[in-house]
Amino acid sequence: MADQPKEVKLYGHGFSGYCTMVNSALKLKGVAFEYVEEDLQNKSEALLRLNPVYKKVPVLVVDGEPIAESLVILQYIDDVWKNPPLLPEDPYQRAKVRFWADYVYQKLVPPVYRIRTSEGDARKKAEEEFRANLITLEDGVREELWSAGGSFINGEKPGLLDVIMGSCHTGLKYLEDVAGVKLVEKDRTPLLCSCMEAFVELDVVKGP
Amino acid sequence: MDQPPSSVKLLGSWADSHTHRVQLALKLKGLEFEYQEEDFINPSPALLLHNPVYKKVPALLHGGRSIVESVVILQYIDETWTDNPIMPADPFERAVTRFWCHFTDDKLAPAVGLVFSSSGEGQKAAVDQVHENLKLLERELKDGAFKGRRFFGGDKIGLLDIVLGCGSYWLAVFEEVMEVKLIDPESFPVFHAWLRDFEEQQEVKETIPAIDRLLEYARGIRQMMLSLSNSSSSSSINNAAASSG
């Protein structure tokens with residue numbers, strides 16, 4: 001079945017890692033799209049109408065129909081535009097990718113939020129939690145998904161987990177500078193560092 | 001490509017809605033499976049082996065390999081045994097399904113759990129939150145993505161029905177145990193009708209425990225929580241409540 005050209009619009013914000021994920025996935029797949037930068041302090045009427053449940057970016061609008069939540073959007077993009085694939089073919093491998101993708105949101109995002117918004121002991125605890133959980137992610141993907149070859153978890157080319165982690169790289173570096181703490185240590189998490197560094201060097205990610 | 005239904009085992013807990021999701025999906029696919037009951041306060045060595053990250057039920061074992069996290073498991077089941085699909089074929093429909101699954105576990109279920117584990121003003125706020133979330137679902141059923149459908153999946157139960165339905169019975173249970181109004185038919189007529197229809201399906205009746213068992217269970221946990229919070233230490237009981245919500 002030939003792919004019908006679709007009208008694709010992404011509502012996003014430059015500093016949002018979630019928006020970077022969607023932006024990058026679309027570019028990796030060679031999808032033409034219009035980008036709308038939202039002012040998160042003054043959200044547009046369009047955004048509030050398109051995402052009434054969460055009122056957040058990113059929102060992908062395809063032929064007028066909105067899709068919200070970054071992980072939902074990423075899987076949609078992979079369903080519609082097949083090449084290059086972000087998820088493996090095999091159901092068990094797909095389950096592992098989905099598990100670890102969900103892990104990022106369940107176990108890495110909340111401590112980052114607490115690092116940003118708390119102080120003193122609470123912040124130290126959040127930093128320790130983040131580092132420990134990042135190591136769990138490293139060990140997990142290394143054991144269950146990675147077959148040595150290429151800089152990415154997915155191998156030579158980035159897959160879903162590389163898009164997710166790679167899109168968090170800039171934000172994590174920024175947080176390390178602002179918080180004055182090391183969150184990502186290369187010797188403890190070499191595969192995750194390699195995939196994040198390789199990801200931000202991709203032409204589609206660096207480009208306009 | 002269909003796999004022969006070889007060696008499928010489910011580690012679960014009888015009162016856990018996420019376990020019910022997987023049981024229901026396996027039933028809808030006509031799959032035989034072995035079931036092992038887990039005590040979620042004392043996970044077995046098998047559960048710790050197969051779910052080292054979260055140490056929780058459900059865990060699906062297939063051909064010696066394990067899959068955990070109920071929505072991940074449901075998609076694995078659907079992609080491995082492709083007859084009687086529970087996910088829609090259309091990518092946009094799939095996105096809508098995934099979105100509302102996320103909403104269920106991210107917003108609705110925690111609010112319902114909070115109704116159970118709180119009291120006074122905190123509980124009132126949690127009840128309001130449940131109502132807000134049900135309003136959103138009611139609107140989608142009435143006028144939005146699911147307008148005119150018998151089930152979220154269409155004429156037949158789909159993945160979102162399974163995710164939302166296995167857990168929505170707690171609404172009726174908590175209404176009775178906590179004496180709060182959560183899901184009255186006047187405020188949420190379409191959602192209410194969908195839930196009744198869902199609960200009448202044969203496979204669902206075979207999966208969800210009898211309401212009196214759930215009531216007894218919930219009353220027991222609530223008593224324990226109240227007496228422990230009077231002696232100010234209730235984290236493991238809150239975990240119990242949360243993991244069964």
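Please tell me which of these pairs span more than 23 angstrom C-alpha to C-alpha: A:LYS107/B:LYS107; A:LYS29/B:LYS29; A:LYS186/B:LYS55; B:LYS107/B:LYS135; A:LYS96/A:LYS125?
Pairs exceeding 23 Å: A:LYS29/B:LYS29; A:LYS186/B:LYS55; A:LYS96/A:LYS125.
Counting only protein heavy atoms and a 1.4 Å probe, chain B has 45 square angstrom of accessible area per residue. Distance between the C-alpha centres of region B:17-64 and region B:99-152: 26 Å, rounded to the whole angstrom. Computed over protein heavy atoms with a 1.4 angstrom probe, the accessible surface ordering of B:PHE92, B:PHE103, largest first, is B:PHE92, B:PHE103. Across A:LYS124, A:LYS96, A:LYS27, mean-square fluctuation computed from a Gaussian network of chain A (C-alpha pairs under 10 Å connected) peaks at A:LYS124. Remark on region A:40-61: accessible area falls by at least 50 square angstrom from chain-alone to full-complex state for A:VAL53, A:TYR54, probe 1.4 angstrom. Among residues other than A:MET165 whose Cβ falls under 11 Å from its Cβ, what is the net charge (Lys/Arg +1, Asp/Glu -1)? My count for the surroundings of A:MET165 gives -3. With contacts taken as Cα pairs under 8 Å at a separation of at least 6 residues, region A:166-205 carries a relative contact order of 56 percent. Going from the isolated chain to the complete set of protein chains, region B:72-105 loses at least 20 Å² of heavy-atom accessible area (1.4 Å probe) at B:VAL72, B:GLN75, B:TYR76, B:GLU79, B:PRO91, B:PHE92, B:ARG94, B:ALA95, B:ARG98, B:PHE99, B:HIS102. Ranking A:LEU74, B:PHE146, B:SER17 by Cα position along the charge dipole of the protein assembly as shown, where only Lys, Arg, Asp and Glu carry charges on their C-beta atoms, puts A:LEU74 farthest toward the positive end.
Using the heavy atoms of the protein chains alone and a 1.4 angstrom probe, what is the accessible area of region A:38-183 per residue in square angstrom?
47 Å²
The calculated FRET efficiency for the pair A:GLN106 and B:GLU186, based on their C-beta separation and a Förster distance of 41 Å, comes to about 0.65. Computed over protein heavy atoms with a 1.4 Å probe, the carbon and sulfur contribution to the accessible area of region A:132-206 reaches 50%. Compared with the direct C-alpha span, the chain from B:GLU175 to B:TYR35 gains 47.4 nm at full extension, assuming 0.36 nm per residue.
A simple spin-label model places pseudo-atoms 7 Å from Cα toward Cβ; at B:GLU121 and B:LEU215 they are separated by 3.3 nm. Could you tell me the center-to-center distance, by alpha carbons, between region A:1-58 and region A:142-208 in angstrom? What the calculation gives is 22 Å, centre to centre. For B:TRP14, the residues whose modelled amide H falls within less than 5 Å of its own, excluding neighbours fewer than 5 places apart on the same chain, are B:GLU38. Would you please state which residues of region A:140-155 a label at A:GLU185 would reach in this model, taking the label point 7 Å out along Cα→Cβ and a backbone N cut-off of under 12 Å? Within reach of a label on A:GLU185: no residues. Remark: C-alpha extents of region B:2-72 on the principal axes read 34, 24, 19 Å, sorted largest to smallest.
Surface composition of chain B: carbon plus sulfur atoms contribute 51% of the solvent-accessible area (1.4 Å probe, protein chains only, all chains present). Each label was represented as a point 7 Å from its Cα along the Cα-to-Cβ direction; for A:GLU143 and A:LYS82 these points are 3.5 nm apart. FRET efficiency for the A:TYR92 to A:ASP63 pair, using the beta carbon distance and R₀ = 41 Å, is estimated at 0.75. FRET efficiency for the B:PHE92 to A:VAL178 pair, using the beta carbon distance and R₀ = 45 Å, is estimated at 0.70. Placing B:GLU32, A:GLU65 in order of accessible area, with the largest value first and a 1.4 Å probe, yields B:GLU32, A:GLU65.
Computed from protein heavy atoms with a 1.4 Å probe, the total accessible area buried between A and B is close to 2300 Å².
The values are calculated or read from the model by the stated rules, or taken from the named source; none is laboratory data. Everything numeric here is computed off the predicted structure, so don't read it as measured data. A quick note on method: Cβ atoms are made from the backbone with ideal geometry, for glycine too, and the neighbour counts reach across all protein chains shown. Note: accessible area is taken over every heavy atom of the protein model, side chains too, but ligands, DNA and RNA are not part of it. Shrake-Rupley method; radii C 1.70, N 1.55, O 1.52, S 1.80 Å.
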